[in-house]
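See structure below.
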Amino acid sequence: MSRIASVLLPMPLPEAFDYAEPEGMGLELGDQVAAPLGPRLLRGVVVGLREAAGGNRPLKPVEGRLEEPRLPANTVEFIQWAARYAVDAPGQPLAIALRGARAPKPRPARVTVLTGVEPARATPARIRVLETARAQALSPPDLARASGVSSGVVKALLDEGVLAVRLVESEARFDEPDPARPGARLNASQAAAAEALKSVLGEGGFNVALLDGVTGSGKTEVYLEAAAAVLAADPAAQVLILLPEIALTQAVIARVASRFGAQPGEWHSDVAPPARRRVWEAVARGRCRIVVGARSALFLPFPYLKLIVVDEEHDASFKQEEGFIYHARDLAVVRGRIEGAGVVLASATPSLETLRNAEAGRYRWLRLSTRHGVAQLPDIELIDLRETPPEHGRWLSPPLVKAMGETFARGEQTLLFLNRRGYAPLVLCKACGERMTAPDTDSWLVEHRYSGRLVCHLTGFSMPKPKACPHCGAHDSLVSIGPGVERVEEEARNLFPEARVAVFSSDTVFDAREARRMIEAMADGQIDILVATQAAAKGHNFPNLTLVGVVDADLGLRGGDLRAAERTYQLLAQATGRAGRRDRPGKALLQTWAPEHAVMQALRAQDRDAFVAAEMGERELAGLPPFGRLAAVIASGTDPVQLDAFVRAMAQAAPNSEGVEVYGPADAPLGLIRGRRRKRFLVRADRSVDLSAYMATWRARVRPPASVRVAIDIDPYSFL
Ligand code: ADP
């Protein structure tokens, strides 16, 4: 009896395709195969196998099985679950899962080996080389170096045929972590949290715990302890630690390496493809037992995943907004359930979604309410900009400048936090009032002084700053409005010419190595004043940092989406939490025009619970997450008439369903991106509704014309 293989291809197709299994191929679920699609041969994954019933139309055969690791059944199930949830094609998450498999293999290493031919002469240098080559397989230059001889000696031995060079595939192997190495000695509340966590995880199977601890309380130490227990309990167990920023992965990798005496697998967009391939393969073969990575690490083919940690779980960077749209924290919980693994969500400012699950008893709630050791939480004061505004054309108010001066005089460090890249967020013509925008996108161009360009942060479009207004032609009329980090840096340099000032944003720190260098320089005291966006405001420990100044505390409150207050609270609590992490007390000053705002009052009083209670109350009244569900539809098109007709038809086609409300279509706030007009629907549903199923039904009822693209965003975080 012949069999039919269902093969999923890593592309946006609605479903897996059927192929005939050639006689004797012996396919198994999860196998990577080459399968024909039209004239092309594509890599795909077997997601189903069944006996062929007689009388079927003949199918094209699978071309061949690839000599590559198989995707574990749980990984395949997770991919399919994620696609259903996101109302997207299963090939989309599969493409993420295969990213490492499709990366080029690392180049084979050149190593020098003994051939057995005796050397004509045996000098002491030659003998040393031969002894070294016997002990280790090294490249010719490394062999010369390790033997302490010149390269000529090695070359002569190669020429004589005593040594030969061989190419070897470097094996995807990682050092075994040693969970028995002693970790930090935990303080009493850390030890209690670690014990509770270990007992939750020790029960085995799926369990979620919220590790809720103030900044600097030692959450990392606690979850590493839990990871040690998981690794020790089972020599095959694998652990995944997810982080929201590449900069943070660097710090955690260092801590994992020193805790377990082994380098973990590193996974994020900045890892070179061959290294990625190595991690992917080692994970699939169970040879890499700890992975530290960004959100897409969740799609790695772990055969035996026993613990997932989502650090800074509240962070919006876990939401992937383009291509396959998903929230890595939510999917981490799903993957935990499918794998029967423990999940630890860690944060000083957990999301309302997670807090709600903890309150309801679905997650085990572990709290750490004090900082480790003598470190105290910083004092937080509000600077009312209405009373003490900065001088004209400046951004730092007198009280903040005074505090910076005192901090510098004591030899301590200041962090100025402003979540805005570049020099100025807006460039305006003072003659005609024209605002500089990108040609095909509805967003202001941001001025960057370092590069002398105006940049669209949405699409990456950039142009040199013009000398004359492109609208009215007036010369020297373009003025920079508002501050970005570069402008605050300029002001800090002018105020404190002797201080060492640096900027930390994605423009100045563009890869993992640069991030590590900057963090080390800061930790090491080589910087006096660091002006930073959120890239540096999270998670790091800078022992000598005692003052945090928030340049524009109100920034995140404008624009008002559902989570504006929550996000502002989280971001500022994180940023202010950088101060005073050792024995020196820290202070945080928040510049605000609205000191009476609930967020500012809660930050000042450090009363997270009161803030959360008030915010929960409002969400509950409105039936918004976490008390209800949301989904968005974003339709975009190059032809405005077709787009309009399509969204009207779509509105008509919305299924009637109890507990579901559909709002829209409306012009998206960002009405034009890369030349495509955008319209949005927002859908609110009661918690009991399967919103993914509702959206899938809706989508199936309409067929967009070729010029229109439809994206569905389950649980949207952006409303633009
Ligand atoms: P969090 O993740 O809660 O912000 P961390 O785990 O980063 O906190 O800990 C903050 C700082 O305190 C780090 O420098 C960490 O090494 C140190 N620390 C925390 N707990 C301990 C401990 N038990 N012993 C020694 N140092 C600790």
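The values are calculated or read from the model by the stated rules, or taken from the named source; none is laboratory data. Here the structure is a predicted model, which is why all the values come from computation and not from measurement. With ideal geometry, Cβ positions are generated from the backbone for all residues, glycine too; neighbour counts draw on all protein chains shown. The protein model used for the area step is the full one, side chains on, heavy atoms only, and it has no ligands, DNA or RNA in it. Shrake-Rupley method; radii C 1.70, N 1.55, O 1.52, S 1.80 Å.
For this structure, a couple of remarks:
- Condition check for Asp561: away from the ligand (no atom under 16 Å from the Cβ), buried (at least 20 other Cβ atoms within 10 Å of the Cβ), assigned to a loop (DSSP other than H, G, I, E, B) and at negative phi: no
- First in the range 531-542 and open to solvent by 10 Å² or more (accessible area, probe 1.4 Å), second anywhere and within 16 Å of the ligand (Cβ to nearest atom), Cβ under 7 Å, 6 or more apart: Gln534/Leu571; Ala535/Glu245; Ala535/Ala247; Gly539/Leu248; Gly539/Ala251; Gly539/Glu312; Asn541/Arg581
- Of residues in the range 171-200 being of a type in the set (A, V, I, L, M) and open to solvent by 30 Å² or more (accessible area, probe 1.4 Å), the one farthest from the ligand (Cβ to nearest atom): Ala180
This table checks each residue for (1) over 30 Å from Pro14 (Cβ atoms); (2) of a type in the set (Gly, Ala, Ser); (3) modelled with pLDDT of 90 or more.
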{"residue": "Thr75", "(1), (2), (3)": "no, no, yes"}
{"residue": "Gln92", "(1), (2), (3)": "no, no, yes"}
{"residue": "Ala103", "(1), (2), (3)": "no, yes, no"}
{"residue": "Gly116", "(1), (2), (3)": "yes, yes, no"}
{"residue": "Val129", "(1), (2), (3)": "yes, no, yes"}
{"residue": "Ala137", "(1), (2), (3)": "yes, yes, no"}
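- For the range 288-303, the set of residues classified as out of contact with any helix residue (DSSP H, G or I) (no Cβ under 8 Å at 6 or more places or on another chain) and either more than 23 Å from Ala89 (Cβ to Cβ) or of a type outside the set (Gly, Ala, Ser) (or both) is empty.
- Output for the range 134-143, where each listed residue is within 44 Å of the chain's Cα centre (by Cα) and either farther than 15 Å from Asp159 by Cβ or open to solvent by 80 Å² or more (accessible area, probe 1.4 Å) (or both): Ala135, Gln136, Ala137, Leu138, Ser139, Pro141, Asp142
- Residues that are out of contact with any Phe, Trp or Tyr (no Cβ under 7 Å at 6 or more places or on another chain), open to solvent by 30 Å² or more (accessible area, probe 1.4 Å) and either polar (S, T, N, Q) or not in a helix (DSSP H, G or I) (or both) within the range 688-707 comprise Ser688, Asp690, Thr697, Arg703, Ala706, listed in sequence order.
- Put simply, of Ala137, Ala89, Ala144 the only residue that is in a helix (DSSP H, G or I) and at negative phi is Ala144.
- Restricting Asp713, Asp667, Asp644 to residues that are at pLDDT 95 or above, of a type in the set (D, E, K, R) and open to solvent by 20 Å² or more (accessible area, probe 1.4 Å) narrows the list to Asp644.
- Scoring Arg680 on the criteria (1) within 21 Å of Leu331 (Cβ to Cβ); (2) out of contact with any Leu (no Cβ under 6 Å at 6 or more places or on another chain); (3) open to solvent by less than 30 Å² (accessible area, probe 1.4 Å) leaves a single failure, condition (1).
- Asp159 meets the conditions (1) away from the ligand (no atom under 11 Å from the Cβ); (2) under 30 Å from the mean Cα position of the chain (by Cα); (3) free of Cβ contacts under 8 Å to residues at least 40 places away in the same chain; (4) assigned to a helix (DSSP H, G or I) in every case but one. The failed one is (2).
- Close Cβ contacts (under 8 Å, 6 or more residues apart or on different chains) running from residues in the range 380-398 that are in contact (Cβ under 8 Å) with a residue 60 or more places away in the chain to residues that are among the basic types (Lys, Arg) comprise Ile380/Lys587; Ile380/Arg604; Glu381/Lys587; Glu381/Arg604; Leu382/Arg604; Trp395/Arg487.
- Residue check, Arg629 open to solvent by less than 40 Å² (accessible area, probe 1.4 Å), of a type in the set (Lys, Arg), outside any loop (DSSP other than H, G, I, E, B) and touching a residue at least 12 places away in the same chain (Cβ under 8 Å): no
Yes/no per residue for (1) under 23 Å from Glu381 (Cβ atoms); (2) of a type outside the set (Lys, Arg); (3) not in a loop (DSSP other than H, G, I, E, B):
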residue	(1), (2), (3)
Thr508	no, yes, no
Arg513	no, no, yes
Arg516	no, no, yes
Glu520	no, yes, yes
Gly525	no, yes, no
Ala536	yes, yes, yes
His540	yes, yes, no
Thr546	yes, yes, yes
Ala553	yes, yes, no
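- For Arg421: the one exception among (1) crowded, with 21+ Cβ neighbours inside 10 Å; (2) in contact with a Gly (Cβ under 8 Å, 6 or more places away or on another chain): (1)
- Taken as a whole, the condition of being touching a residue at least 60 places away in the same chain (Cβ under 8 Å) and in contact with an Asp or Glu (Cβ under 9 Å, 6 or more places away or on another chain) applies to Leu197.
- In the range 234-251, residue surrounded by the most Cβ atoms within 10 Å (Cβ to Cβ) [restricted to those that are modelled with pLDDT under 95 and within 16 Å of the ligand (Cβ to nearest atom)]: Thr249
- Checked against (1) out of contact with any Gly (no Cβ under 7 Å at 6 or more places or on another chain); (2) within 30 Å of Gln376 (Cα to Cα); (3) of a type in the set (A, V, I, L, M), Val239 passes all but a single condition, namely (2).
- Strands (runs of 3 or more DSSP E) completely within the range 331-430 that count 1 or more residues being within 16 Å of the ligand (Cβ to nearest atom) and not charged (D, E, K, R): 342-347, 364-368, 413-417
- If the condition is being assigned to a loop (DSSP other than H, G, I, E, B) and exposed (fewer than 14 other Cβ atoms within 10 Å of the Cβ), then the range 16-49 contributes Glu23, Gly24, Gly26, Glu28, Gly38, Pro39.
- Set side by side, the residues Arg295, Arg287 differ, and just one is among the basic types (Lys, Arg) and either at pLDDT below 95 or farther than 19 Å from His327 by Cβ (or both), which is Arg287.
- Qualifying position, being surrounded by 23 or more Cβ atoms within 10 Å (Cβ to Cβ) and within 16 Å of the ligand (Cβ to nearest atom), among Leu211, Leu231: Leu211
Matching residues to (1) on the phi < 0 side of the Ramachandran plot; (2) in contact with a strand residue (DSSP E or B) (Cβ under 8 Å, 6 or more places away or on another chain); (3) surrounded by 16 or more Cβ atoms within 10 Å (Cβ to Cβ):
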{"residue": "Asp330", "(1), (2), (3)": "yes, no, yes"}
{"residue": "Ala346", "(1), (2), (3)": "yes, yes, yes"}
{"residue": "Thr354", "(1), (2), (3)": "yes, yes, yes"}
{"residue": "Leu382", "(1), (2), (3)": "yes, yes, yes"}
{"residue": "Ser397", "(1), (2), (3)": "yes, yes, yes"}
{"residue": "Lys402", "(1), (2), (3)": "yes, no, no"}
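- Taking the range 1-15 as the range and being within 15 Å of Arg84 (Cα to Cα) and either open to solvent by less than 30 Å² (accessible area, probe 1.4 Å) or of a type outside the set (A, V, I, L, M, F, W, C) (or both) as the test, the residues that pass are Leu8, Pro12, Pro14, Glu15.
- Of all residues in the range 280-302 being among the basic types (Lys, Arg) and either within 14 Å of Leu71 (Cα to Cα) or assigned to a helix (DSSP H, G or I) (or both), the one that is most open to solvent (accessible area, probe 1.4 Å): Arg285
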